[in-house]
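K.L.:
Dropping the structure in here first, questions after.
The values are calculated or read from the model by the stated rules, or taken from the named source; none is laboratory data. The shown structure was predicted, so the numbers you read here are calculated from the model rather than taken from an experiment. Glycine also receives a Cβ, built like all others from the backbone with ideal geometry; neighbour counts cover every protein chain displayed.
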Amino acid sequence: LAEQIGLELPVVGAETEAMLRAGMPDFIPVSNPMDLTAQALVDPDLYRRTLQPLLEDDDFAAVVIGIIQTDEATASRKFPFIIDAVKQITPNKPVIFAGLDEGAPFSSEYIAGLRAIGVPYFPSADRAFRALRQLSRLAERDFTTSGIGARTLDLPVGVVPEYRAKELLAPVGIPFPKGGFAATVEQARAVAAGVGYPVVLKAQAAALSHKSDAGGVILNIADEAALTAAWDRLYANVAAYDAGITLDGGLIEAMGARGLELIVGAKNDPEWGPVILVGFGGVTAELLHDVRLLPHDLPREAVIAALRSLKQGALLDGYRGSPALDVEAVADLVVGLGSVLAGTPAIREIDLNPVVVYPRGQGVVALDALILADG
């Protein structure tokens, strides 16, 4: 499998072999891969004595631990010792865990224990090796061709409401609908007059992440009289949903044309670092789960290739008479989002859902924006 996907399995060198041989019975052959046999059940410290020389050897860039878990009783005789061994060694290179019998019961307690020490768990060797190959490809990339440089945002701690998130992200090149924030109904009328009807009115407060659930989104407001009524209804809806929420005001935006919906988000993941999520949204989002996780600093061309590799990627270039879409504008948005992640470590996540894509040359628009920031 390793050879098929382009991973090299180095031969164990003489010095490392001598260190391994000193800590294990003669009947265990020193090789790569290495089978510790059932001896590890009667001598659990064998895991540590085997891992340490391998992790200290510069010929090995990573170690995959493959275990047959079979049942909870057998697992309980192995995993606490493996976790303890990795804790003692504190490796400076990736250690990846692979179950060798996919579908076997595996306690969430052990998965949490592995994650706590930075060891990802995969239910099969195939998945583990393919993940390692992706990691090695990332290490091989030419970072001089990455996207635009880091952009730093000055963020408050916690949830950043939509109107403020859009004010922060727009200068980075994230396109949003024409509109503006209003703290009073009089301001809302002025914003709407500048935008042009019809408009959408959205409730704004850091404590209101899911506006639609609270009746906090009112669409297709046709004129000033309808906007005045909608403003009062918006406040009444939110008060009925949760009387403890105090609104900052409302966001008034132009109603946009329909287009293809994408999901775009960003996250500073504690295990994988800064990553961007892209995928198809709309009615098929939950059904097909057609998404990809990308490194935050991919260049524009690589983002375009990743978008086209999605299950529904053919839709982006036109399918059965539909127009080719502005995939380049999507890539520009993703690169801009990546620059924000690179420059603002305090960001826990950003959600732009949905992002509407229009025919080639007509761009994209992110209809929503949510930022969650740590201190």
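K.L.:
Taking region 157-175 as the region of interest, how many residues are surrounded by fewer than 21 Cβ atoms within 10 Å (Cβ to Cβ) and assigned to a loop (DSSP other than H, G, I, E, B)?
P.N.:
Within region 157-175, residues that are surrounded by fewer than 21 Cβ atoms within 10 Å (Cβ to Cβ) and assigned to a loop (DSSP other than H, G, I, E, B) number 3.
K.L.:
Now a separate question. May I ask you to list the residues in region 65-93 that are under 20 Å from Leu41 (Cβ atoms), of a type in the set (A, V, I, L, M, F, W, C) and surrounded by 13 or more Cβ atoms within 10 Å (Cβ to Cβ)?
P.N.:
Of everything in region 65-93, those that are under 20 Å from Leu41 (Cβ atoms), of a type in the set (A, V, I, L, M, F, W, C) and surrounded by 13 or more Cβ atoms within 10 Å (Cβ to Cβ) turn out to be Ile65, Ile67, Ala75, Phe79, Phe81, Ile82, Ile83, Ala85, Val86.
K.L.:
Being in contact with a helix residue (DSSP H, G or I) (Cβ under 7 Å, 6 or more places away or on another chain), assigned to a loop (DSSP other than H, G, I, E, B) and crowded, with 17+ Cβ neighbours inside 10 Å is the filter here, so list the residues in region 176-190 that pass it. Don't jump to the end; show me each part of the working.
P.N.:
First, pick out the residues of region 176-190 that are in contact with a helix residue (DSSP H, G or I) (Cβ under 7 Å, 6 or more places away or on another chain): 176, 178-182, 185, 188-189.
This time we only want the ones that are assigned to a loop (DSSP other than H, G, I, E, B), so: 176, 178.
Matches in region 176-190: Phe176 only.
K.L.:
Given the options Ala150, Ala190, Ala205, name the one that is in contact with a strand residue (DSSP E or B) (Cβ under 8 Å, 6 or more places away or on another chain), over 24 Å from Glu261 (Cβ atoms) and of a type in the set (A, V, I, L, M).
P.N.:
Result: Ala190 is the single residue among Ala150, Ala190, Ala205 that is in contact with a strand residue (DSSP E or B) (Cβ under 8 Å, 6 or more places away or on another chain), over 24 Å from Glu261 (Cβ atoms) and of a type in the set (A, V, I, L, M).
K.L.:
Looking at (1) within 30 Å of Gly179 (Cα to Cα); (2) surrounded by 14 or more Cβ atoms within 10 Å (Cβ to Cβ), which is the one condition that is false for Ala257?
P.N.:
Result: Ala257 fails condition (2) only.
K.L.:
Tell me whether region 229-246 contains one or more residues that are of a type in the set (Gly, Ala, Ser), under 34 Å from the mean Cα position of the chain (by Cα) and surrounded by 19 or more Cβ atoms within 10 Å (Cβ to Cβ).
P.N.:
No, region 229-246 has no match at all.
K.L.:
Could you identify the single residue in Val63, Val30 that is in contact with an Asp or Glu (Cβ under 7 Å, 6 or more places away or on another chain) and either on the phi > 0 side of the Ramachandran plot or free of Cβ contacts under 8 Å to residues at least 40 places away in the same chain (or both)? Walk me through it before giving the result.
P.N.:
On the way: Val63 fails: in contact with an Asp or Glu (Cβ under 7 Å, 6 or more places away or on another chain).
Of the residues listed, the single one that is in contact with an Asp or Glu (Cβ under 7 Å, 6 or more places away or on another chain) and either on the phi > 0 side of the Ramachandran plot or free of Cβ contacts under 8 Å to residues at least 40 places away in the same chain (or both) is Val30.
K.L.:
Okay, next question. Take the residues in region 122-152 that are β-branched (Val, Ile, Thr) and in a loop (DSSP other than H, G, I, E, B); name whichever of them is modelled with the lowest pLDDT. Even if it seems obvious, please write down each step before you answer.
P.N.:
Of all residues in region 122-152, those β-branched (Val, Ile, Thr) come to 144-145, 148, 152.
Narrowing the set further to residues that are in a loop (DSSP other than H, G, I, E, B) leaves 148, 152.
Numbers: Ile148: 54, Thr152: 89.
Looking at the filtered set, the residue picked out is Ile148.
K.L.:
With respect to Ser322, determine if the residue is hydroxyl-bearing (Ser, Thr, Tyr) and touching a strand residue (DSSP E or B) at 6+ places or on another chain (Cβ under 8 Å). Working first, answer last.
P.N.:
Values: hydroxyl-bearing (Ser, Thr, Tyr): yes; touching a strand residue (DSSP E or B) at 6+ places or on another chain (Cβ under 8 Å): no.
For Ser322, the condition - hydroxyl-bearing (Ser, Thr, Tyr) and touching a strand residue (DSSP E or B) at 6+ places or on another chain (Cβ under 8 Å) - is not met.
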